[in-house]
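Worksheet: one structure, shown below.
The values are calculated or read from the model by the stated rules, or taken from the named source; none is laboratory data. Quick caveat, the model's predicted, so the values are computed rather than measured. Please note: Cβ atoms are built from the backbone with ideal geometry, for glycine as well, and neighbour counts cover all protein chains shown.
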């Protein structure tokens with residue numbers, strides 16, 4: 001990261017410190033140029049009442065999701081119980097962006113972030129700008145980072161939120177990490193930065209239960225005499241004792257506070273030689289007499305916390321997801337900066353700790369992640385939650401929630417939409433400004449870049465003759481262009497635009513990976529990791545695509561486990577090739593038949609309704625020498641049916657339900 005001599009593409013020069021780098025975009029350009037892609041509901045859990053809030057788990061690039069959430073905020077669809085619009089609390093633990101390998105559990109790699117330096121800071125900054133716009137006027141944001149870029153991020157956070165809105169740098173424990181460095185100290189903590197939108201923000205100081213060793217008896221006196229010196233103490237039998245502290249000391253608490261503590265049972269009176277030796281006095285029969293009574297006290301059952309949060313674990317391993325934030329950590333964050341019913345957002349959701357704790361604390365939640373493993377882990381977690389923090393206690397029934405796609409869509413579900421829903425979806429998809437437009441008696445559905453937009457009737461076929469007729473009707477009344485949105489299967493010609501007398505008619509096909517005429521930025525796909533160490537890789541996509549299940553060639557068999565487990569059987573899925581279906585102007589080329597495979601997810605006991613993730617097999621870890629990818633499963637783990645999801649690196653899934661008898 002290095003500075004430039006000019007900052008023409010950034011804010012005006014101020015006296016405040018700023019980071020400068022090549023490619024730092026203006027805030028206005030970030031907010032306007034980012035695509036706002038609609039949410040496509042894929043699956044619903046629970047039955048919400050009419051107009052009831054439904055929690056959202058979103059699969060896709062969070063930048064494009066945040067832009068659409070901002071649209072929902074402006075429409076009044078993100079409202080808290082106090083009437084404020086927007087997200088009340090944001091918590092994010094983004095990939096740390098160094099290229100280094102991280103280890104959260106101490107025994108296996110967590111992830112390797114791919115962006116470095118200025119590229120990572122710009123990646124984070126763009127999302128922080130949208131998060132600021134999404135927050136309610138009294139909202140707060142917590143950002144967790146490590147020592148690699150925390151100092152840079154602090155300056156960016158000052159720039160985006162204003163340094164006057166910086167509240168705390170909280171220190172959190174990484175976990176039991178032993179890197180074995182011999183040339184430096186082991187890194188044991190991360191930083192959690194707390195910022196607010198303004199000075200009128202919600203904050204409720206979190207109090208924790210004291211540990212047993214903290215509740216030990218504590219001396220009742222301090223140095224220096226104060227008047228009045230005497231205090232009334234009550235023993236277990238209810239008898240009063242008027243005591244004086246030793247000479248040149250005074251009791252810590254005034255009488256009203258002492259009375260309150262005695263009602264709580266926090267004051268201890270013991271008979272010991274120490275009392276006499278120390279100089280405590282008791283008034284007996286009107287005279288001050290040396291006494292063996294020694295007063296002490298115990299702390300309250302809870303204690304206000306400060307910015308040192310190393311008393312709890314920062315990570316956990318409950319759901320077997322690398323870099324899984326602990327529920328104790330999120331309990332503090334959510335309790336401190338939100339009320340019941342408020343909306344909480346995490347756009348780097350990972351294992352879903354934020355949403356799970358929000359659910360337990362009766363908050364609404366929105367989570368987003370670009371990784372399929374994250375989505376399936378969170379789905380399993382939400383369906384199997386326990387009532388208490390730390391995933392303990394009785395089972396907790398989840399509130400209604402939906403899983404949505406953004407940027408990568410199931411076209412089959414789009415085809416099933418009603419006419420009005422379809423029109424609204426495709427208008428959102430191409431970011432059309434919805435409005436009624438009538439030109440020479442012909443109705444249009446909105447405008448894009450100032451030009452009319454027409455959603456073509458799905459029951460017909462779009463021909464060049466239709467476009468010519470449209471031109472004859474409105475061509476003389478338009479400035480330069482018209483956009484026509486139509487299903488690709490209903491367009492009977494190959495061209496993406498037609499020109500008549502200098503007026504151009506653009507055909508926006510659905511599905512279509514990228515419309516070159518609409519976007520100056522090159523299309524960038526959602527890429528799924530093929531290795532566990534890359535689970536939390538940084539992904540920055542542009543545009544949208546559609547899901548096409550890949551072709552998968554595989555064999556099924558049963559074999560002996562061999563070695564120490566000779567005589568025990570295992571099921572084997574032998575994957576020979578994976579071929580993605582790509583309908584695009586620029587298909588991705590792969591060097592061999594297995595390179596497109598990212599991972600295989602298995603539900604060992606599929607109930608026919610809900611996929612319950614049992615294990616994830618990543619391609620680079622299960623691939624054997626030569627052209628082979630074998631998954632070996634212990635027979636005892638499997639029920640009558642198992643569900644297998646083959647995931648390619650483009651985010652497409654092929655889902656297969658297997659019966660035990662399918663393995664020969």
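Okay, here's what the table says:
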| read-out | value |
| --- | --- |
| Residue check for residue 615: under 26 Å from the mean Cα position of the chain (by Cα), more than 14 Å from residue 531 (Cα to Cα), surrounded by fewer than 16 Cβ atoms within 10 Å (Cβ to Cβ) and modelled with pLDDT of 90 or more | no |
| Qualifying residue in the stretch 555-566 (condition: outside any strand (DSSP E or B), within 27 Å of residue 379 (Cα to Cα) and not assigned by TED's automatic domain parsing to the domain that holds residue 376) | no |
| Any hit, the stretch 238-252, residues being closer than 14 Å to residue 218 by Cα and in the same structural domain as residue 220 (by TED's automatic domain parsing) | yes |
| Evaluation of residue 313 against (1) more than 27 Å from residue 61 (Cα to Cα); (2) modelled with pLDDT of 95 or more (one fails), failing number | (2) |
| Residue in the stretch 640-659 that is surrounded by fewer than 19 Cβ atoms within 10 Å (Cβ to Cβ), in a loop (DSSP other than H, G, I, E, B) and at pLDDT 90 or above present | yes |
| Residue 116, sole failed condition from (1) modelled with pLDDT of 50 or more; (2) surrounded by 19 or more Cβ atoms within 10 Å (Cβ to Cβ); (3) farther than 30 Å from residue 53 by Cα | (2) |
| Candidates 393, 450 - the one that is outside the structural domain of residue 35 (by TED's automatic domain parsing), more than 25 Å from residue 58 (Cβ to Cβ) and at pLDDT below 95 | 450 |
| Strands (runs of 3 or more DSSP E) (entirely within the stretch 288-396) containing at least 2 residues that are within 15 Å of the chain's Cα centre (by Cα) | 343-346, 364-369 |
| Members of the stretch 163-183 that are modelled with pLDDT of 90 or more and out of contact with any strand residue (DSSP E or B) (no Cβ under 7 Å at 6 or more places or on another chain) | 163, 164 |
| In the stretch 429-477, residue farthest from the chain's Cα centre (by Cα) [restricted to those that are assigned to a loop (DSSP other than H, G, I, E, B) and under 21 Å from residue 33 (Cα atoms)] | 450 |
| Close pairs from the stretch 114-127: first farther than 12 Å from residue 95 by Cβ and not assigned by TED's automatic domain parsing to the domain that holds residue 35, partner part of a helix (DSSP H, G or I) and at pLDDT 90 or above, Cβ under 6 Å, at least 6 apart | none |
| Residue 587 exposed (fewer than 13 other Cβ atoms within 10 Å of the Cβ), more than 32 Å from the chain's Cα centre (by Cα) and within 27 Å of residue 533 (Cα to Cα) | no |
| Odd one out for residue 494, checked against (1) surrounded by 16 or more Cβ atoms within 10 Å (Cβ to Cβ); (2) out of contact with any strand residue (DSSP E or B) (no Cβ under 6 Å at 6 or more places or on another chain); (3) under 25 Å from residue 411 (Cβ atoms) | (1) |
| Criterion: surrounded by fewer than 20 Cβ atoms within 10 Å (Cβ to Cβ), touching a strand residue (DSSP E or B) at 6+ places or on another chain (Cβ under 8 Å) and at pLDDT 95 or above - qualifying residue of 345, 383, 413 | 383 |
| Filtered residue count, the stretch 239-277, keeping only those that are part of a strand (DSSP E or B) and in contact with a helix residue (DSSP H, G or I) (Cβ under 6 Å, 6 or more places away or on another chain) | 1 |
| Any hit, the stretch 140-162, residues being at pLDDT below 85, over 26 Å from residue 73 (Cβ atoms) and in a strand (DSSP E or B) | no |
| Yes/no for residue 225 being modelled with pLDDT of 80 or more, under 30 Å from residue 295 (Cβ atoms) and either part of a loop (DSSP other than H, G, I, E, B) or touching a strand residue (DSSP E or B) at 6+ places or on another chain (Cβ under 8 Å) (or both) | yes |
| One residue from 389, 403, 378, 366 being closer than 19 Å to residue 316 by Cβ, touching a residue at least 60 places away in the same chain (Cβ under 8 Å) and touching a strand residue (DSSP E or B) at 6+ places or on another chain (Cβ under 7 Å) | 378 |
| Matching option when the condition is exposed (fewer than 15 other Cβ atoms within 10 Å of the Cβ), in the same structural domain as residue 83 (by TED's automatic domain parsing) and either at pLDDT below 90 or within 20 Å of residue 323 (Cα to Cα) (or both), among 107, 103 | 107 |
| When residues of the stretch 219-272 are limited to those that are exposed (fewer than 13 other Cβ atoms within 10 Å of the Cβ) and within 13 Å of residue 298 (Cβ to Cβ), the one farthest from the chain's Cα centre (by Cα) | 219 |
